[in-house]
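Report on the following structure.
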Number of protein chains: 2
Amino acid sequence: MANEELLCTVALNSWKLTVGRFSQTLAAFTDEQLQKQVAPGRNRLFYLLGHLTAVHDRLFTMFDLGERLYPELDEHYISNPDKALPDPVSAADLRNSWTEVNARLIAAFDRFSSQDWLKKHAAVSEEDFAKDPARNRFAVLQSRTNHLSFHLGQVILAKEK
Amino acid sequence: MANEELLCTVALNSWKLTVGRFSQTLAAFTDEQLQKQVAPGRNRLFYLLGHLTAVHDRLFTMFDLGERLYPELDEHYISNPDKALPDPVSAADLRNSWTEVNARLIAAFDRFSSQDWLKKHAAVSEEDFAKDPARNRFAVLQSRTNHLSFHLGQVILAKEK
């Protein structure tokens, strides 16, 4: 494998591992337990699941992979803080959305070459990308893996000791 | 910049950004506040600072960068859970250790070429590395960036709202 492909494979493995850990952690909570907060006065597990599903769903658009699946989640789980609006979906439906979004993303990422990862993402202009080629899809993958790890660290706190 | 160098630069930027965010978050707590737990019954900020300093300090050895600086932290902040042992250092000293370890690591990483990142790390055997070249230093960087993000997500919860 060429060096640049190997680097992309390592980073994608890290994404898959983190998505897998988050899914596994979620599976240990009942639907009722998803109403728990990660700490007193902080986000509910349900909100974080909605938030991460929405943020990952946006990657379809950012990476020119076609239409995203659940744009209606943004208002509830990105634009507004927890409990500002009622949850628009059931726990079962939200779990399914999480699973579907990530399965489809991983299927797409598995087909990416290093050249695909080095392309600009849709949220940066051609001009800015020409000035700074580090603003590529690979940088977004790094950022989103960290974002997921950040919230995974919180969700873990709601588990029974 | 060659593609493989660009990929390494992007990943290193992500490491630096996360270390910077953690440092900034820490700076917002007084020494007394470092005794706060991230959630009821969970790790203190002090413990997590010790834990992350020790885990990062181990990278000197893993990457053949010479002797690590604070091996004595491991017993308190890796081998044992929070509150099993008294803290062996003051908050001021621990903050300084965190800063020193990370500054030295970043100085070393800034000199790494992509070839350096693709080398095996010290915790994998030559034989295992030959079978799976993805077990390289770059994979460790990915893993440690995620580990730091995971605990950053927890530390943030102790901030006043």
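The values are calculated or read from the model by the stated rules, or taken from the named source; none is laboratory data. Worth saying up front: this structure is predicted, and the values here are computed from it rather than measured. Quick reminder, even Gly has a Cβ in these numbers, built from the backbone with ideal geometry, and neighbours come from all protein chains shown.
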message: Being under 19 Å from A:Phe150 (Cβ atoms), surrounded by 20 or more Cβ atoms within 10 Å (Cβ to Cβ), under 18 Å from the mean Cα position of the chain (by Cα) and in contact (Cβ under 8 Å) with a residue 40 or more places away in the chain is the requirement here; does A:Leu94 meet it?
response: no
Counting only residues in region A:148-161 that are more than 18 Å from A:Ser14 (Cα to Cα) and within 7 Å of chain B (Cβ to nearest Cβ), the one surrounded by the fewest Cβ atoms within 10 Å (Cβ to Cβ) is identified as A:Lys161
Picking from B:Ala84, B:Ala54, B:Ala27, the residue that is of a type in the set (A, V, I, L, M) and farther than 18 Å from B:Val101 by Cβ would be B:Ala84
- Mind checking whether some residue in region A:98-113 is away from chain B (no Cβ under 14 Å), on the phi > 0 side of the Ramachandran plot, at pLDDT 95 or above and part of a loop (DSSP other than H, G, I, E, B)? no
Picked from region A:64-91 (must be in contact (Cβ under 8 Å) with a residue 24 or more places away in the chain and either assigned to a helix (DSSP H, G or I) or touching a His at 6+ places or on another chain (Cβ under 8 Å) (or both)), the residue surrounded by the most Cβ atoms within 10 Å (Cβ to Cβ) is A:Tyr77
Taking first residues from region B:49-63 that are part of a loop (DSSP other than H, G, I, E, B) and second residues anywhere that are of a type outside the set (Phe, Trp, Tyr), the pairs with Cβ under 6 Å that are 6 or more apart or on different chains are B:Phe63/B:Arg137
Restricting region B:119-147 to residues that are in contact (Cβ under 8 Å) with a residue 60 or more places away in the chain and in a loop (DSSP other than H, G, I, E, B), the one farthest from the other protein chains (Cβ to nearest Cβ) turns out to be B:Ala122
Only one of (1) closer than 26 Å to B:Val155 by Cβ; (2) in a helix (DSSP H, G or I) does not apply to A:Val10, and that is (1)
Among (1) assigned to a loop (DSSP other than H, G, I, E, B); (2) touching a residue at least 24 places away in the same chain (Cβ under 8 Å), B:Thr30 falls short only on (2)
The lone condition A:Gly66 fails out of (1) within 14 Å of chain B (Cβ to nearest Cβ); (2) over 30 Å from B:Trp117 (Cα atoms) is (1)
Going through region A:97-144 in order, the residues found to be exposed (fewer than 14 other Cβ atoms within 10 Å of the Cβ) and either in contact with a His (Cβ under 7 Å, 6 or more places away or on another chain) or of a type outside the set (A, V, I, L, M, F, W, C) (or both) are A:Asp110, A:Arg111, A:Ser113, A:Gln115, A:Ser125, A:Glu126, A:Glu127, A:Asp128, A:Lys131, A:Asp132
